[in-house]
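Student: Let me give you the structure first, and then I'll get to my questions.
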Amino acid sequence: MTQNLYITMENVKKSFNGVPVLKNVNLQIEKGEIHALLGENGAGKSTLMNILGGVHQPDSGSIYINEKEVKMTNPRISQEQGISFIHQELNMVSDLKVYENMYLGSELRNKVGFLKVEEMCRQTHEILARLGVDIDPKEYVRNLATSYKQLIEISKALLHKSTVIIMDEPTTSLAEHEVNRLFELMKNLKKSGISIIYISHKLKEIKEVCDRYTVLRDGEMIKSGNVEQEDLDTITKLMVGKSISQNRFVHEHSFGPVMLEVNNLTSLGLFKNIHFKVKKGEIVGFTGLAGDGRTELFESLFGYRKKYTGEIKINDQLIKIDHPRKAVEAGIGLVPKDRKENAIIKDLSVIHNMSLSSIGNFEKSGFIQDNIERDKFQYYKELLNIKVHNPSITIDKLSGGNQQKVIIAKWLEVGADILIFDNPTQGIDVGAKQEIYQQIVALAEQGKSVIILSSEAPEVMRICHTINVMYQGEITARFKGEEATEEEIMHYATGSKREAAKIG
Amino acid sequence: MANTNVKEYNPQVSNAKSRLTWLWSEYSVIIAFIIIFIASSIMNPRFLDINNQLNILMQVSIIGIVALGMTVVMLSGGIDLSVGSVLALVGVMTVLALNASGSILIGIFTALVVGSFAGFLNGLMVAKGRIASFIATLGMMAAARSIALYIAEGGSVSGEVKGFTAIANNDLWIFDYPVIIFFAMTALVYILMHKTRFGRYVYALGSNEKAAMLSAIRVDRIKIAVYSLAGLLVSVAAIIETSRLNSISSSSSGVQYELDAIAAVIIGGTRMTGGRGKIIGTLFGVLILGILNNMMNLMNVSPYLQGFVKGLIIIIAVVFQKRE
Ligand SMILES: Nc1ncnc2c1ncn2[C@@H]1O[C@H](COP(=O)(O)OP(=O)(O)OP(=O)(O)O)[C@@H](O)[C@H]1O
Ligand SMILES: [Mg+2]
């Protein structure tokens with residue numbers, strides 16, 4: 001084992017504003033392995049990788065590559081040492097083209113200094129093809145779906161001849177087949193001697209692709225070992241300190257009258273002929289592959305998109321929604337996916353992000369009351385176990401999963417009657433996932449209508465009463481939650497089976 | 001997850017170094033102000049003279065009021081180039097209304113309506129017309145100046161109502177009215193930006209417009225309100241400017257005010273792209289500019305060179321802010 005050792009991080013310590021985040025962490029990465037870095041939200045995984053990647057400086061501790069000590073004083077040096085970093089949050093410049101993003105800061109030039117555009121496009125195309133992506137390198141990034149952005153981010157790391165690739169939650173917006181392609185690629189990279197550090201909260205992925213693991217908890221290294229020798233439950237316990245049941249939630253409450261009815265909703269090129277009903281107290285899931293139109297459908301319902309036809313009824317009353325504000329007034333809330341783009345206001349504090357959509361709850365005669373905000377945040381902090389030392393810091397200082405929890409708190413605070421969650425557990429650890437599901441079930445028990453969009457069939461199967469499967473903008477199947485199987489859902493999601501009779 | 005018993009944040013634990021960097025990043029403009037203030041008092045003994053100090057305050061009050069509005073616009077992610085021209089237009093209209101009606105109240109009312117309407121039009125172009133603020137307000141800058149010139153036939157107009165000059169020329173104890181108005185406006189805008197939902201929404205939309213919209217914020221209305229507010233503050237500045245000499249020039253009043261206002265906002269630490277910045281920062285940015293102007297006069301720097309020095313200071317301020 002030792003002769004294979006490639007990177008060692010020794011006794012790494014790091015604190016932010018006096019709060020220790022990493023306490024004496026050791027990490028050993030071997031040549032040609034896929035190493036899972038595990039731990040709950042805020043455990044310090046991204047921080048540790050940011051130190052390896054030269055983004056942050058450790059307070060103390062050392063890094064060795066091939067037994068030689070290196071100082072990663074900035075990201076460039078780390079890159080020169082052969083380390084590529086795929087960050088947790090996407091860093092695309094949306095006003096640039098795909099190939100320009102790929103080569104940002106390392107553009108190819110000919111002797112005179114002009115850009116070799118065609119060459120860059122060709123290579124971009126080639127690398128993307130390895131991930132099974134077929135997009136025009138000259139397309140603007142802003143026009144692309146998030147899963148493509150994530151795949152471009154991954155390809156960018158492949159561009160440099162690296163020996164180590166850090167992947168911080170690379171699959172949060174990928175569909176299953178894209179994940180499988182990525183895993184194929186990772187296994188090939190491994191064969192050619194490249195080491196990969198892989199961070200993910202999806203334990204199934206860890207089992208499938210990783211060789212060894214290291215678990216962090218509260219900034220301390222808990223355990224390192226071989227993935228094969230452990231079962232998922234043991235790893236879960238190491239991470240969050242208890243077992244988490246993966247069983248379906250049993251619901252015992254009954255439904256009320258129909259709350260939301262959608263008829264014949266159509267938007268050219270995005271979705272067509274959408275019909276569904278959601279009762280009070282019901283949890284309805286929508287699943288499918290990337291590009292199935294579910295996000296666009298509910299962005300339309302929420303008034304963010306305006307070009308659609310068809311009717312929406314709430315409490316049997318026809319309403320027209322042309323702005324998210326109107327949706328909220330009509331009792332609809334939407335927790336959007338891709339928090340960095342759609343939900344996080346990075347210059348506002350954690351508390352102010354929480355209160356942004358429901359400021360009325362915190363006002364007295366027109367003025368915002370800091371103490372009410374603070375108390376309310378304290379409530380959500382305990383409810384959702386949000387890990388933050390000082391909630392007055394800007395939200396971008398929180399770990400990814402904790403940012404997501406704040407966004408969920410923000411929408412719980414709005415208190416909508418119909419709450420739509422789009423990919424709600426993006427970047428959330430197994431333990432916290434369970435707690436969020438419990439919150440969702442509790443909402444339903446209070447008589448709210450809940451809609452859950454997710455590309456993960458198991459997620460909707462765990463909590464939904466009714467599951468809709470979408471394919472290319474149409475609902476192709478509808479199951480009762482307890483009757484659905486993953487296999488069956490996949491058939492409809494991939495379009496290999498269509499059965500109009502199922503719908504109705 | 002229950003065993004993540006996180007200790008409460010305790011600033012005393014912070015080590016001295018990180019506290020210092022925090023202090024610098026939050027209050028760099030105040031520190032810069034103190035340094036410049038001390039340096040000035042050493043370089044020229046007349047600087048500390050109370051009359052000179054009051055004089056500085058008087059001189060910055062008009063730009064200061066304009067800069068407050070500019071701060072709000074820039075926090076929302078925009079810019080307003082039209083402030084100087086609108087100031088001239090408001091001034092001309094005010095004098096006309098004043099002379100026609102003989103009533104100071106009607107004069108002031110006209111000023112407030114004209115200024116905020118010009119701002120409203122800016123906001124409409126930016127929010128509903130989806131025109132970049134730089135372009136929209138550049139258009140307004142040309143248009144407002146042209147109307148002012150047309151009405152005043154290229155010259156100045158003077159007030160004929162007694163008492164109007166009191167607004168800018170009387171004082172309370174040792175403070176001139178304009179200084180008091182400036183500080184009052186600063187306090188009001190501060191409260192607006194930090195204690196009300198309007199302020200919160202402006203920061204949100206300047207930081208991430210899409211997320212603000214998806215947070216159910218009426219982004220368009222907020223933008224319109226932002227530019228209208230800037231116009232309203234320009235009106236206040238225009239009233240003071242007109243009252244000071246009891247006249248306004250359609251060709252030279254307000255020229256380059258947008259540059260001074262933007263400079264003050266940037267020195268004050270507001271980010272050009274919006275979302276981050278403080279009203280207090282702008283207050284000190286305005287004071288720094290005032291001290292610089294004052295010192296250059298006291299030290300007999302050629303007026304032709306003063307622009308150079310100012311430009312240098314702005315660039316230095318921006319370079320320092322880059323290292324966030
Ligand atoms: N720049 C920063 N300033 C202050 N605190 C920070 C900063 N970056 C990270 N932290 C804190 O460090 C802790 C660890 O964060 P980190 O991002 O490493 O967690 P993580 O293990 O990646 O979690 P997740 O699974 O949610 O992504 C968190 O409590 C976070 O609030
Ligand atoms: Mg992380």
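The values are calculated or read from the model by the stated rules, or taken from the named source; none is laboratory data. Since we're looking at a predicted model, the values are computed, not measured. No Cβ is skipped: glycine too gets one built from the backbone with ideal geometry, and neighbour counts run over all protein chains shown. Note: accessible area is taken over every heavy atom of the protein model, side chains too, but ligands, DNA and RNA are not part of it. Shrake-Rupley method; radii C 1.70, N 1.55, O 1.52, S 1.80 Å.
Student: Using a 1.4 angstrom probe on protein heavy atoms only, which residues from segment A:307-337 are buried by at least 30 Å² of accessible area when all chains are present rather than their own chain alone?
Tutor: A:323, A:324, A:325
Student: Also, I was wondering about something else. Measuring from label point to label point, each 7 Å out along Cα→Cβ, what is the residue A:11 to residue A:268 span in nm?
Tutor: Distance between the two pseudo-spin positions: 6.8 nm.
Student: Now a separate question. Residues of segment B:242-268 with backbone nitrogen within less than 11 Å of a virtual label 7 Å along the Cα-to-Cβ line of residue B:158, please, listed as ranges.
Tutor: Of the residues in segment B:242-268, B:246-248 have backbone N under 11 Å from the label point off residue B:158.
Student: A follow-up question, please. Select from B:216, B:265, B:182 the residue farthest towards the positive end of the dipole of segment B:173-324; place +1 on Cβ of Lys and Arg, -1 on Cβ of Asp and Glu, and compute about the Cα centre.
Tutor: B:216
Student: Also, I was wondering about something else. May I ask for the equivalent-ellipsoid semi-axes of segment A:5-240, computed as the square root of five times each C-alpha gyration tensor eigenvalue and listed largest first in whole Å? Write out the running numbers ahead of the final one.
Tutor: Details: eigenvalues 184, 87, 52 Å².
Over the Cα atoms of segment A:5-240, the semi-axes work out to 30, 21, 16 Å.
Student: With only Lys, Arg, Asp and Glu charged, each at its Cβ (+1 for the first two, -1 for the last two), find how big the charge dipole of chain B is about the Cα centre; round to the nearest 20 debye. Numbers along the way, then the final one.
Tutor: On the way: 22 positive and 14 negative charges, 231 e Å.
I would put it at about 1120 debye.
Student: Further question on the same structure: What whole number of Å gives the distance from the Cα centroid of segment B:85-144 to the Cα centroid of segment B:290-305?
Tutor: 32 Å
Student: Which whole-Hz couplings ³J(HN,Hα) result when phi for each residue of segment A:71-78 is put into the Karplus expression 6.51 cos²θ - 1.76 cosθ + 1.60, θ = phi - 60°, listed in order with x for Gly and Pro?
Tutor: Coupling constants for segment A:71-78: 10, 8, 7, 7, x, 4, 4, 4 Hz.
Student: With springs connecting C-alpha atoms under 10 Å apart, model chain B as a Gaussian network and identify which of B:263, B:132, B:230 has the largest mean-square fluctuation.
Tutor: Of the options given, B:132 has the highest mean-square fluctuation.
Student: So, one more: Using 1/(1 + (r/R0)^6) with R0 = 25 angstrom and r between the beta carbons of residue A:223 and residue A:64, what's the FRET efficiency to the nearest 0.05?
Tutor: Numbers: r = 21 Å, r/R0 = 0.85.
Efficiency for this residue pair is about 0.75.
Student: Okay, moving on. If R0 is 35 Å, what FRET efficiency do you get for residue A:320 and residue B:109 from their C-beta distance, rounded to 0.05? Can you show the working numbers first?
Tutor: Details: r = 39 Å, r/R0 = 1.11.
The formula returns an efficiency of 0.35 here.
Student: While we're on this one: How are the alpha carbon pair distances in segment A:343-415 distributed across 5 Å bins from zero to the largest one, expressed in percent?
Tutor: Over segment A:343-415, the share of Cα pairs per 5 Å bin runs 3, 18, 33, 26, 14, 4, 1, 0 percent.
Student: May I pose another question? Leaving out ligands, DNA and RNA, calculate the buried accessible area for the pair B and A with a 1.4 Å probe, summed over both sides, in Å² to the nearest 100.
Tutor: Details: alone 16900 and 22690 Å², together 35890 Å².
Summing both chains' loss of accessible area gives about 3700 Å².
Student: Label points 7 Å out from Cα along the Cβ direction at residue A:159 and residue B:41: separation in nm?
Tutor: About 5.5 nm, to one decimal.
Student: Run the Debye formula on the Cα coordinates of segment A:9-124, all scatterers equal and no solvent, and tell me log10 I(q)/I(0) at q = 0.17 1/Å.
Tutor: -0.94
Student: Now, a different point. Rounded to the nearest 10 degrees, what's the angle between the helix B:133-151 long axis and the longest principal axis of chain B, both from Cα atoms, 0 to 90?
Tutor: 20 degrees
Student: Of A:496, B:122, B:93, which is farthest towards the positive pole of the protein assembly as shown's charge dipole, taken about the Cα centre with +1 and -1 on the beta-carbons of Lys, Arg and Asp, Glu respectively?
Tutor: B:93
Student: Let me ask you something else. Accessible area per residue for segment A:274-384 in Å², computed with a 1.4 Å probe and the full protein assembly in place, what is it? Can you show the working numbers first?
Tutor: Working: 4480 Å² over 111 residues.
Counting only protein heavy atoms, the per-residue value for segment A:274-384 is 40 Å².
Student: Between residue A:445 and residue A:140, what is the label-to-label distance in nm when each label sits 7 Å out along the Cα-to-Cβ direction?
Tutor: 4.9 nm
Student: Once phi is turned into ³J(HN,Hα) by the Karplus curve 6.51 cos²θ - 1.76 cosθ + 1.60 with θ = phi - 60°, what whole-Hz value does each residue of segment B:265-270 show in order, with x for glycine and proline?
Tutor: Per residue, the Karplus-derived 3J(HN,Hα) values read 5, 6, 4, x, x, 6 Hz.
Student: Are there GluC sites (Glu not before Pro) in segment B:107-212 that DSSP puts in a loop and that have at most 11 other Cβ atoms within 10 Å, and which ones? Walk me through the intermediate numbers first.
Tutor: Values: sites: B:153, B:160, B:209; in loops: B:153, B:160.
Here the GluC sites (Glu not before Pro) that fit, given the DSSP loop and packing criteria, are B:153.
Student: Still on this model: Which value, in Å³ per residue, describes the convex hull spanned by the Cα atoms of chain B?
Tutor: Details: hull volume 54.7 nm³, N = 324.
Given the Cα convex hull of chain B, per-residue volume reads 169 Å³.
Student: Using Cα pairs under 8 angstrom and six or more residues apart, how large is the relative contact order of segment A:5-240, in percent?
Tutor: Numbers: 444 pairs, mean separation 66.1, N = 236.
Rounded, it is 28 percent for segment A:5-240.
Student: Relative contact order (percent) for segment B:20-119, with alpha-carbon contacts under 8 angstrom and 6 or more residues of separation? Don't skip to the answer; put the middle values down first.
Tutor: On the way: 33 pairs, mean separation 13.8, N = 100.
Relative contact order for segment B:20-119 comes out at 14 percent.
Student: Please state, as a whole number in µm²/s, the translational diffusion coefficient that the Stokes-Einstein equation yields for the protein assembly as shown at 25 °C and 0.890 mPa s, with Rh defined as the Kirkwood radius across alpha carbon pairs. Provide the component values of the computation, followed by the final result.
Tutor: Working: Rh = 29.8 Å.
Calculated translational D: 82 µm²/s.
Student: Same structure, new question: Just want to confirm a number: the relative contact order over chain B, from Cα pairs under 8 angstrom separated by 6+ residues, in percent. Let's see the in-between values first.
Tutor: Details: 502 pairs, mean separation 102.4, N = 324.
Answer for chain B is 32 percent.
Student: Let me ask something additional. For an R0 of 25 angstrom, estimate the FRET efficiency from the Cβ-Cβ distance between residue B:170 and residue B:142 and round to the nearest 0.05. Before the final figure, lay out the partial values.
Tutor: Values: r = 36 Å, r/R0 = 1.42.
So, using R0 = 25 Å, E works out to roughly 0.10.
Student: Compute the angle between helix A:176-191 and the longest alpha-carbon principal axis of chain A, please, reported from 0 to 90 degrees and rounded to the nearest 10.
Tutor: Helix A:176-191 and the main axis of chain A meet at about 10 degrees.
Student: A further question follows. Where does the longest stretch of chain A lie that holds no GluC sites (Glu not before Pro) found in a DSSP loop with 12 or fewer other Cβ atoms within 10 Å?
Tutor: Values: sites that count: A:67, A:228, A:252, A:499.
Counting only loop sites that pass the neighbour cut-off, the longest clear stretch is A:253-498.
Student: Using a simple charge model, +1 on the beta-carbon of Lys and Arg, -1 on the beta-carbon of Asp and Glu, nothing else, what dipole does the protein assembly as shown show about its Cα centre, in debye to the nearest 20? Don't jump to the answer; show the numbers that get you there.
Tutor: On the way: 86 positive and 81 negative charges, 144 e Å.
The dipole magnitude comes to about 700 debye.
Student: I've got another one for you. Over the Cα atoms of segment A:408-479, what radius of gyration and what Dmax do you get, in Å?
Tutor: 12.5, 34
Student: Hand me the tally of lysine pairs in segment A:343-415: alpha carbons under 14 angstrom apart, and the pair either on different chains or 8 or more positions apart.
Tutor: Details: A:346/A:397; A:376/A:410; A:381/A:405; A:381/A:410; A:387/A:397; A:387/A:405; A:397/A:405.
Lysine pairs meeting both conditions in segment A:343-415 amount to 7.
Student: Before rounding to the nearest 500, sum -39500 (n - 2.57) across all DSSP H runs of length at least 4 in chain A and divide by the residue total; then give [θ] at 222 nm in deg cm²/dmol. Display every interim value, and only then the final one.
Tutor: Details: 17 runs with 163 residues, N = 504.
When only DSSP H runs of four or more count, the value is -9500 deg cm²/dmol.
Student: What residues from segment A:203-227 fall in the zone where the backbone N is under 13 Å from a label point 7 Å along the Cα-to-C-beta line of residue A:23?
Tutor: A:217-222
Student: Right, something else. Go through segment A:17-40 and flag every residue whose accessible area shrinks by 30 Å² or more with all protein chains in place compared to the isolated chain (probe 1.4 Å).
Tutor: At a threshold of 30 Å² (probe 1.4 Å), the residues of segment A:17-40 that become less exposed are A:17, A:18, A:40.
Student: With a 1.4 Å probe and every protein chain kept in, tell me what percent of the accessible surface of segment B:140-213 is carbon plus sulfur.
Tutor: Values: 2320 of 3650 Å².
Of the solvent-accessible surface of segment B:140-213, carbon and sulfur hold 63 percent.
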